[in-house]
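These notes concern the structure reproduced below.
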Amino acid sequence: MIHIPSASDCSPESIMPCERKPMRYGHSEGHTDVCFDDEGKYIVTCGSDGDVRLWESLDDDDPKSINVGEKAYSVTLKNGKLVTAVSNNTVQIHTFPEGDPDGILTRFTTNANHVAFNTSGSRVAAGSSDFLVKIVEVMDSSQQKTLRGHNAPVLSVAFDPSDEFLASSSCDGSVHVWSIESQTPVAQWKVLQKSSDVSNAKSLCRLAWQPRAGKLLAVPVDMTVQLYDRATWTHISTLSDDLITQVVNVLVWSPCGKFLAAGTVGGNLLIWDVDAKLCIERQKHEKGFTVCGMAWHPSGGRIAYTDTEGCLGLLEGVSSSSSSSSSTTQSTKAPAGKETNDYDNLFDEDDDRMLDDGMSDLRSPVKKAVMDDDDDDDLMPATGRPRNRGAFLDDDSQDAGSVKLDKLPEEDSSSAILPAVAPAVSHPIYDGPMPTPPQRAFQPGSTPVHLMHRFMMWNSVGIVRGYNDEQDNAIDVEFHDTAIHHAMHLTNTLGHTMADLSQEAVLLACECTDELASKIQCLHFSCWDTHKEWMVDLPKEEVVRALCLGQGWAAVATSTLMVRLFSIGGVQKEIFSLPGAAVCMAGHGEQLLIVYHRGTGFDGDQALGVQLLQLGQKKRQVIHGEPLPLSRKSYLAWMGFTAEGTPCCVDSEGIVRMLNRTLGNTWAPVGNTRDTCKSKSDHYWVVGVHENPQQLRCIPCKGSRFPPTLPRPAVAILPFKLPYCQTTTEKGQMEEQYWRSMLFHNHYGFLSSSGYEIDNEGQTQAEKEQQELLMKMFALSCKLEREFRCVELAELMTHNVVTLAIRYASRSRRMALAQRLNELALEKANQLQEEEQEEEEPAYQSASRNSGFSHTNREYRGSDQIRQAQVENGYDDEEEVEEEYQQEEQMDAEESTEASRPRLNPFKKGGKSPERPSPRPVSKEGCVNPFKVSGAGKLSGSQAGQPRATNILDSMTMSNRKPAALSGTSKQGKAPVLKPLAPKPKSKTQATLLQMSTPKRISKKQEESQSAAETVKQTTLATPPASTENTENRKPKTGFQLWLEENRKSILADNPDFEEMDVIKDGMGRFRTLSAEERLIWTEKAKGDTDAKKRKREDEGKEMDKNAEMDEGSAKKKKPLDTSAKLSAFAFNKE
């Protein structure tokens, strides 16, 4: 005997009479559909105009409209997800009530005719005119089940309340009931009239399961409604009425399961009391149009219906008692007594089935990792609805709210069991974090297994496609570079579902069956012998979960939490266990990357761990199971290596992360594929990552997460962008570019240390770009007067670029900054020396560098103090600075020519010694500008090994000068070169530290005197002190310098503890106190002295001209070695 719900919830008296509201225009003429939202606040309709409209009431004159396509055939709504069947052969999803596109659930080859949610809202069923029925997981549309069996277009679909069965009707005249788990029909009835298409069908045949227990399935058959028993699948009852003159089109049950409403092609609206089999309400469409859509309000008080003319109608007052009953059961605050009994009885009848359904959900795919209770958080922020916690602590269902209080069993009136208070109170009020179902294992670069045509692997080597349809079950292997191997076509007799592809082999694997064990098959096409294939059977009940190929090895992760290693020829190697179930693996060269579940995640987050192993001669573990960072409420979508061998991952939110080896193997976000998506339903499917050039290779998927195999999808290249702050500003942009360049060129160091050959030219270019960016940021910080920030940037610079920063700071009149940069340059020089010594460079180079550096360091500090004090106190001649700067630019041009010669890469490991083709002595290889008023520092032997950039300070960029001289390539063995400190707004030289007045023009006299000075310098190199003393007297002096020489003793007498800088500063203070006439007298004295010295130098220059010509190198060292040359000596090597 079939149990029918008692009339305690609803009674005929409460339903009668109802009021039919006047119809109102909703959509353009054509098919329409209608439903209510979960709370009954909105009436949702769709029509042939392609719009979905949200009506707050029938009188709503301005309903919200959402355009979903050209035509909409069906609409359903649950948990803030609005699903529509649209004329472009897709089933789309939108957020509710915002109406934002949220993806395409599935596609058909023709139109989908009907869509329906299951009770929990976790699945959607869709029937199409291509004879297929698909069941799609809402949270991961890639997880689909396809039901095949109909021989004509599908008219309607309906889930049974326990989510165990699905009913479908078709134009072939049949009604099928399917087992969702096995995807096979369990019952079939040939009760409908056949037709060729939905447009020709006499009825839409909208099926309806009885709510709650789902005991009955209602099927509209001609002018009657037939009821079928869920337990036996037999016809037990028929509902009919004399008023019905045309076929029944649509059916809908009341929320309490007591009443059944029907709409007919002739416009009749009827309501039956199912228990009594009586028609208790009859209404007629005001114009007699066909009723094609019906929906019962969640409270049971109203029925909304639509017709084929696009109009919307409403039956009011259908139920009063059912409203209170339904609202009471939907509340989690169940009153004591009977309602508490009802809740406790949830375990009596359907508990096992519901929990089993939950377990089957767990076995369904990846995106189940994002729980349905989190949908309210992520996909429906505007509604403000809290997450439903009305679930059991021990309920394994993915949906935390899949077992709700409104699912009371139908025996609620007859139940007499007194429940225990504790379970009824404790379970529903749990408000703690909910566990996340673990993500299923997958192969990066593959599309879902359930697809008939799918990509089994797409990587940088090639593409593996799988076909599994009625005509063929095969695998095609295609190589991007046909020089590796020609394309292959393989018959997939074993049913392989996993694949990987390398330049050596194709690795395939299949799961076990009742008869066969899980197998691993390898096609070693690069093998030099004739046996290019091998196969291994895994032990019984051990199944392959993930696999990958490396250089000379293969790895397989299995269901027993083990990883098995094989040689590429089939030799079994090491075996080791994982702490958790494997999610995916990737290989590159000698590196093996494994991702596994390290625990249970909560609130939608996955808890994944990662291991990175080196499988070379010295096997070691690089990453020891550290957590893998993912975005909140996301799952791992792709994991692999860049083309250069750096681990990289992408999560379901589109965030791309790359391993930063220089920061303790941390994961740095380097891009977001969602930034370039035009809509929420669009995604990018990653197929490869390159660091040089920086390319993220993806396939755009419009409205889905995976691409179709045909036509062959086009690969798009996306840029990388680190999520730095304020990237709209110049500072933020340069910071992002610099650190991105640093991160994406770390692989040079890794490859070099691993013994691989690296692209020296590419590495040089990368270093050049990085230093250019640092120099630009330095210049920007100088303009903003952020001197502390300038020093921070200089710490990131190479030694040579610091000297450029010193020059820029000095020309910007920032002497305090220049002094700090000088100290930093000294520290960097010391570090370079230590590194070179550690690398065991030739002893003669190290020794000469050490001696030269100590000398220049000592000289630099003394000479710089006077010059800095002079600049700070305004004793600068602007015209003189301009002229010397122009001379310096000429010098730069000539030196850049010298710099263009091939130089040794100091960072290159191995190979030959760092010696270069024997450079000439410094004296013959130095600067060739005889007019330069610069100090000797710019003309040292390091010029041969340390090229300088042209006009570097004008353009704020710099050519990448590797510290060649610093690595011992200077043939004179000079110390690490430290260019003069910035104070020189006067020119490249610091030779004017005590002589501020320099020539305003270049003349022949200067050239001659320069030659003479160079000769003197060469003769005095052996006795630097004497040379310094003599040449200092021959330099032009300013008025202040003459005054200081005469008054130095008095200053020291007053202040015997003064340092040199203190003497200069005190002298400047006293000099300022002099009257203008006295200062002018001292200035005139200085000019007169300068003219006399010029004439004297000219005569001496003529006498020494022959000596200067005998040695070009010394001639190019144009300044004598005086105290002012100490600063120059700091920057350039001395012998």
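The values are calculated or read from the model by the stated rules, or taken from the named source; none is laboratory data. All values derive from a computational prediction rather than experimental measurement. Please note: Cβ atoms are built from the backbone with ideal geometry, for glycine as well, and neighbour counts cover all protein chains shown. In case anyone asks, the SASA skips ligands and DNA or RNA and just uses the protein heavy atoms, side chains included. Shrake-Rupley method; radii C 1.70, N 1.55, O 1.52, S 1.80 Å.
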Long-range amide H partners of His480 with built H, under 5 Å: Gly462, Ile463
Cβ-Cβ FRET estimate between Arg282 and Glu316, R0 fixed at 22 Å, reported to 0.05: 0.90
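Starting from 0.36 nm per residue, how many nanometres of slack lie between Gln837 and Tyr467 once their C-alpha separation is accounted for?
127.0 nm
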Mean Cβ count within 10 Å, highest first, over the residues of peptides 117-124, 615-622: 117-124, 615-622
Protein accessible area in the stretch 566-642, 1.4 Å probe - carbon and sulfur %: 49 percent
Prolate/oblate/rounded label for the stretch 33-116 (Cα gyration tensor, a/c 1.5): prolate
Cβ-Cβ FRET estimate between Leu710 and Cys677, R0 fixed at 25 Å, reported to 0.05: 0.60
Peptide ranges 592-598, 87-93, 230-236, 183-189 listed from the most packed, as the mean C-beta count within 10 angstrom indicates: 592-598, 87-93, 183-189, 230-236
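How much space per residue, in cubic angstrom, does the convex hull of the C-alpha atoms of the stretch 146-216 take up?
79 Å³
Listed highest first by mean packing, meaning other Cβ atoms within 10 Å per residue, what order do 447-459, 706-718, 295-307 come in?
So the peptides 447-459, 706-718, 295-307, ranked by packing, come out 295-307, 447-459, 706-718.
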Distance in nm between pseudo-label sites at Gln617 and Leu1042 (7 Å out along the Cβ direction from Cα): 7.5 nm
Label-point gap, in nm, between Asp100 and Glu574 - each point 7 angstrom along Cα→Cβ: 4.7 nm
Computed lengthening from Phe788 to Trp528, 0.36 nm per intervening residue step minus Cα-Cα distance: 87.3 nm
Most to least accessible of Met639, Met23 (protein chains only, probe 1.4 Å): Met23, Met639
Pairwise FRET efficiency - Asp431 versus Arg148, Cβ, R0 = 35 Å, nearest 0.05: 0.20
1.4 Å probe accessible area per residue over the stretch 617-773, in Å²: 48 Å²
